[in-house]
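Visitor: Take a look at this one; I'll ask things after.
The values are calculated or read from the model by the stated rules, or taken from the named source; none is laboratory data. Because the structure is a prediction, the values reported are computed rather than measured. Neighbour counts run over all protein chains shown; Cβ positions are idealised from the backbone, glycine included. Please note that ligands, DNA and RNA were not included when accessible areas were found on the heavy atoms of the full protein model with its side chains. Shrake-Rupley method; radii C 1.70, N 1.55, O 1.52, S 1.80 Å.
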Amino acid sequence: MSSLRQLAVEALSNLPMQGQTTLAVDAEARAILREWMLAARRGTVAPQPPTAPEPAVVPAAVTTPPAQEAPQSVEDKLAYLKARAQNWRAARALGSLRDTMVFAVGNPHARLMLVGEAPGYEEELQQEPFVGPAGQKLNQILAAMGLQRSEVYISNICKFRPSMGPAQNTANRAPSDEEIAACLPLIMAEIRAIRPSCIVCLGGTAARGLLGHAASVASQRGNWFDCQGIPTRVTYHPSYLLRNDTVTARRSVWEDMLAVMQHLGMPISPKQQNYFR
Ligand code: URA
């Protein structure tokens with residue numbers, strides 16, 4: 001019974017992340033909930049799941065009657081998700097991710113959302129995605145598109161820096177499939193909250209998580225895919241450009257970004273069009 005109750009509490013807590021803000025409760029469910037509440041008041045049964053405490057954010061769906069519910073802003077939804085991510089049990093339970101949670105940065109109303117793999121050393125220190133060397137490269141790409149960081153939304157598939165054991169220095173590693181899966185509900189909920197006009201997967205790890213694609217980035221480039229109804233493009237990770245500083249690699253990413261600019265209806269100058277011609 002207690003694990004059933006735990007499952008029910010978790011399912012209810014997750015509803016806002018699935019975009020559901022109201023819930024129909026039939027007479028039987030009401031009777032069960034009432035029983036739980038009375039038992040909790042009597043102190044005979046713990047009202048919360050017995051494991052780690054949930055974040056101190058209570059989903060509106062559970063507490064507010066639908067008639068009084070104010071529409072949640074994107075900012076509210078993201079604040080809620082950030083608080084949930086802080087104590088994200090599925091990730092913490094793995095024991096293979098480091099403690100600091102790095103959420104996202106940028107404009108909640110952005111039309112362009114960029115998704116990387118996981119925070120690295122610098123990102124963990126500053127608790128912001130893409131602020132290290134890969135971030136500098138990403139900023140350059142955005143600048144070439146005529147965009148600033150504050151105009152787009154930048155996030156990661158995995159919200160915690162993957163651990164490399166007690167002797168970990170500045171080295172980073174990509175998240176495993178298990179680590180991606182554990183964090184996936186968060187980025188999926190961010191996408192539903194923001195509903196950008198277009199998503200760019202920065203690298204194969206992001207494509208594996210968002211699209212379920214195991215294929216190489218090279219074979220996915222040049223196509224539009226669908227992630228929760230949002231047109232999604234796959235390009236090389238900025239750190240790939242740091243490792244392969246070749247005209248071919250830079251041209252590939254730029255072609256992908258031109259396609260994104262075109263999709264967004266952004267003006268493209270002859271100079272931008274001809275960067276690598
Ligand atoms: N690489 C990523 O994928 N994300 C970051 O935030 C930093 C580096």
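Visitor: Check Gly204, Gly212 and return the single one that is out of contact with any strand residue (DSSP E or B) (no Cβ under 6 Å at 6 or more places or on another chain), without any contact (Cβ under 8 Å) to a residue 60 or more places away in the chain and surrounded by fewer than 17 Cβ atoms within 10 Å (Cβ to Cβ).
Guide: So the residue among Gly204, Gly212 that is out of contact with any strand residue (DSSP E or B) (no Cβ under 6 Å at 6 or more places or on another chain), without any contact (Cβ under 8 Å) to a residue 60 or more places away in the chain and surrounded by fewer than 17 Cβ atoms within 10 Å (Cβ to Cβ) is Gly212.
Visitor: Can you name the residue in the range 96-127 that is among the small types (Gly, Ala, Ser) and farther than 20 Å from Thr205 by Cα and, of all such residues, is most open to solvent (accessible area, probe 1.4 Å)?
Guide: Only one residue tops the list, namely Gly106.
Visitor: Still on this model: Specify which of the listed residues (Ser252, Ser216, Ser269) is touching a Lys or Arg at 6+ places or on another chain (Cβ under 7 Å), away from the ligand (no atom under 12 Å from the Cβ) and among the hydroxyl-bearing types (Ser, Thr, Tyr).
Guide: Result: Ser252 is the single residue among Ser252, Ser216, Ser269 that is touching a Lys or Arg at 6+ places or on another chain (Cβ under 7 Å), away from the ligand (no atom under 12 Å from the Cβ) and among the hydroxyl-bearing types (Ser, Thr, Tyr).
Visitor: Then there is this: Given the conditions (1) part of a loop (DSSP other than H, G, I, E, B); (2) of a type in the set (D, E, K, R); (3) open to solvent by less than 60 Å² (accessible area, probe 1.4 Å), and given that Arg233 satisfies all but one, which numbered condition is not satisfied?
Guide: For Arg233, the failing item is (1).
Visitor: Quick one: Phe160 ticks every box in (1) free of Cβ contacts under 8 Å to residues at least 60 places away in the same chain; (2) within 12 Å of the ligand (Cβ to nearest atom); (3) in contact with a strand residue (DSSP E or B) (Cβ under 6 Å, 6 or more places away or on another chain) bar one, so which box is it?
Guide: Tallying (1) free of Cβ contacts under 8 Å to residues at least 60 places away in the same chain; (2) within 12 Å of the ligand (Cβ to nearest atom); (3) in contact with a strand residue (DSSP E or B) (Cβ under 6 Å, 6 or more places away or on another chain), Phe160 fails exactly one: (1).
Visitor: Next question. If the Cβ limit is 9 Å and pairs must be 6+ apart or interchain, which residue in the range 171-196 that is within 15 Å of Val115 (Cα to Cα) and small (Gly, Ala, Ser) pairs with which residue that is assigned to a loop (DSSP other than H, G, I, E, B) and modelled with pLDDT of 95 or more?
Guide: Note: pairs meeting the criteria are Ala174/Glu117; Ala174/Ala118; Ala174/Cys158; Ala174/Gly203; Ala193/Pro108.
Visitor: Could you count how many residues in the range 220-230 are open to solvent by 60 Å² or more (accessible area, probe 1.4 Å), within 20 Å of the chain's Cα centre (by Cα) and not aromatic (Phe, Trp, Tyr)?
Guide: 2
Visitor: Kindly evaluate Ala189 against the criterion of being of a type in the set (A, V, I, L, M), touching a strand residue (DSSP E or B) at 6+ places or on another chain (Cβ under 6 Å) and open to solvent by less than 10 Å² (accessible area, probe 1.4 Å).
Guide: It is false that Ala189 is of a type in the set (A, V, I, L, M), touching a strand residue (DSSP E or B) at 6+ places or on another chain (Cβ under 6 Å) and open to solvent by less than 10 Å² (accessible area, probe 1.4 Å).
Visitor: Just checking, which of Val217, Val247, Val253 is more than 18 Å from the chain's Cα centre (by Cα) and free of Cβ contacts under 8 Å to residues at least 24 places away in the same chain?
Guide: Val217
Visitor: Limited to the range 248-277, what total is found for residues that are under 19 Å from Gln136 (Cβ atoms) and open to solvent by 60 Å² or more (accessible area, probe 1.4 Å)?
Guide: 2
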